[in-house]
Amino acid sequence: KLKKVYVSLYGKDSKSCGSQSQPCQSIAQAVRQVDEGGHIYLDGKGTVQRKYNCSSSRPDSSGIIINKNLTMKAFYSTPHVFCVEGFHFHKTNDEKQTLRLELSGIAFWTTPLTFEDWHQVQIINCSFHDTPRALSIQIHNIITFRLNIEGFSSFHNNSQCIKVFLLDSVGNKSPLIAVNISGTHFEQNGLYGAQSSERGVMKIASSDHKAFKQVDVQVLCEKVKCNKNEGPFLNLNVSTAITNETYKDVELKFNQLPSWKASSDKKPKVAVHSLYFSLARKTRAKFINLSCRKNPSVQCIKTQSDEADVDIQEAYFHKQSTMKIAGSC
C-alpha cells in the first residue's frame, strides 16, 4: 500500500502502479493501491475529452467502492470524472473506525457520491453536474456527521444536490449533523428527474420522526448563491431537531418550486411552499444580508416548528409574488 498514488489517463494499471513516474490509469485501481489515510492525485490532462470512468479490472463493477480514509486531489489541471454507477463510500465492520474524506479540485459529471455512516466529508473547489442526486448521505449507526463544502464549489443541473437522511438505529443517543457551506453556487438544479419532494438544493430528513428523542442540526451557509433552481434551497424536515443555523450573504434569485398532481386533483399542489422550510422542535435561524428576489409564487422563509427564533438582519426582498395560501416573504 502507498501513501501517495498518482493516476493518469496515460498510465497503466498494475499491482505496482501508483508512483509519479508509473501512474495508475484508473481511479478504481488507485483506491486499491492507496493506504488508509493516503492521498490519490488525479492528473487532469486530457480528461475534458476523455473523462475518468468507473473502469476496473472487475467486470461486475457497480461503481467505485471506498471504505477507508483518503484524500483525492487534482494534479496539474482539473480532472473530469464520469461514472454513472457512482462512488460508494461504505463503512467497514470496524465500529471504531472514523471515516474522513477530502475531495479537492475535481469536476464530477453524472457521478453520484453515496455515503453510508461516513463521519466527515470535506469538498473543496469541486463541481457536480447532471446527476440525479449529487451527494446522498445516510446516517445509520454514527453519532456525528460533518459536511464542509467550500472554495468556489458549484452544483449545476442536478435533480437534487444534497440529501442527508437519518435512519432510525442510533439508539437513545442524540445525533449531530453539521453542514458548513461557503463560497458555493447552486444553479439550474431540480429541473428534471425525481418527484417534486426530492428536487432542489438541500434536504435534511429522517425516516421515522419519532425515532430520535433529539437531533442537533447545525447549518452555516456563507457567500452562497442559489439561482434558477426548481426546488427549495433547504428543506429541513426532522420533527425532533433542535437547530442552530446561520445564513450570511446568501442570494436566492429566480428560483421556483415544482408542483405535483394527483389524479383526482384539478390543480397541481406544491410540495413545499418556501425556499427555506424548517419543520423542527426548535428552529434557531439567523439570516444576515439575505437577498431574496424574483422568485415566482414562492415564499422565502417558512418555519413550522414547536418553537422558533428567527433573526433577520439586513435582508432584501424584491419582486416576490404572493400566492393565496402564503405571503411573499
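The values are calculated or read from the model by the stated rules, or taken from the named source; none is laboratory data. This one's a predicted model, so the numbers in the text were calculated from it and none came from an experiment. Cβ atoms come from the backbone with ideal geometry, glycine included; neighbour counts cover every protein chain shown. Heavy atoms of the whole protein, side chains included, go into the accessibility calculation; ligands, DNA and RNA do not. Shrake-Rupley method; radii C 1.70, N 1.55, O 1.52, S 1.80 Å.
Give me the Å³ per residue figure for the convex hull around the C-alpha atoms of the chain. Please list the in-between numbers first.
On the way: hull volume 46.6 nm³, N = 329.
Per residue, the Cα convex hull of the chain comes to 142 Å³.
Among Ser297, Ser278, what's the order by accessible area (1.4 angstrom probe), most exposed first?
Descending order: Ser297, Ser278.
Using the Cβ atoms and a cut-off under 13 Å, what net charge is assigned to the surroundings of Val310, where Lys and Arg are +1 and Asp and Glu are -1?
Values: positive: Lys282, Arg284, Lys286, Lys302; negative: Glu245, Glu307, Asp309, Asp311.
Within the 13 Å Cβ shell, the charges total 0.
Could you compute the net charge surrounding Trp109? Neighbours are other residues with a C-beta less than 15 Å from the C-beta of Trp109; K and R count +1, D and E count -1. Please report the intermediate quantities before stating the final value.
Values: positive: Arg50, Lys51, Arg133; negative: Glu85, Asp130.
In short, +1.
Can you give me the long-range amide H partners of Ile64? Hydrogens built in the peptide plane at 1.01 Å from N, cutoff under 5 Å, separation of 5 or more residues or another chain.
Result for Ile64 returns Gly86, Phe87, His88.
If the viscosity is 0.692 mPa s and the temperature 37 °C, what translational diffusion coefficient in µm²/s does Stokes-Einstein give for the stretch 101-250 when Rh comes from Kirkwood over Cα pairs? Mind showing how you got there, number by number?
Details: Rh = 15.3 Å.
It comes out at roughly 215 µm²/s.
If you count, for each residue, the other Cβ atoms within 10 Å and average over each peptide, how do 279-288, 23-32 line up from highest to lowest?
Highest to lowest by the protection proxy: 23-32, 279-288.
Hey, can you rank 123-136, 36-49 by average C-beta count inside 10 Å, highest first? Write down the numbers at each step before the final one.
Details: 123-136: 21.4, 36-49: 16.9.
Output ranking for 123-136, 36-49: 123-136, 36-49.
Can you give me the accessible area per residue for the chain, using a 1.4 Å probe, in Å²?
Here the residues of the chain average 46 Å² of exposed surface.
State the antiparallel share, in %, of DSSP beta bridges confined to the chain, rounding to the nearest 5. Numbers along the way, then the final one.
Numbers: 4 of 124 bridges.
Looking only at bridges with both residues in the chain, the antiparallel portion is about 5 percent.
Here are some pairs, Lys203/Lys294; Lys4/Lys228; Lys12/Lys68; Lys248/Lys294; which of them have Cα atoms lying more than 29 Å apart in this structure?
Pairs exceeding 29 Å: Lys4/Lys228.
Below 12 Å, Cα to Cα, which aspartates and glutamates can Lys51 reach? Residues fewer than 8 away in the same chain don't count.
List returned: Asp43.
So which cysteines in the chain don't have a second cysteine's C-beta under 4.7 Å from them?
Isolated Cys, the chain: Cys126, Cys161, Cys221, Cys226, Cys329.
For the chain, give the percent of accessible area contributed by carbon and sulfur heavy atoms, probe 1.4 Å, rounded to a whole number.
Values: 7090 of 15110 Å².
Taking all protein chains in place, the chain shows 47 percent carbon and sulfur surface.
Any chance you could check the Cα centroid distance between the stretch 142-198 and the stretch 78-92 for me, in angstrom?
Centre-to-centre distance over Cα atoms comes out at 16 Å.
Can you show me the helix-derived [θ] at 222 nm for the chain, built from DSSP H runs with n ≥ 4 at -39,500 (n - 2.57) apiece and divided by the number of residues, rounded to the nearest 500.
Working: 1 runs with 7 residues, N = 329.
Roughly -500 deg cm²/dmol at 222 nm, from the helical runs in the chain.
Taking a probe of 1.4 angstrom, what is the accessible area of Glu314 in Å², to the nearest 10?
Around 140 Å² of this residue is reachable by solvent.
Over the chain, what is the relative contact order in percent, taking alpha-carbon pairs closer than 8 angstrom and at least six residues apart? List each step's numbers first, then the result.
Details: 1016 pairs, mean separation 29.1, N = 329.
It rounds to 9 percent for the chain.
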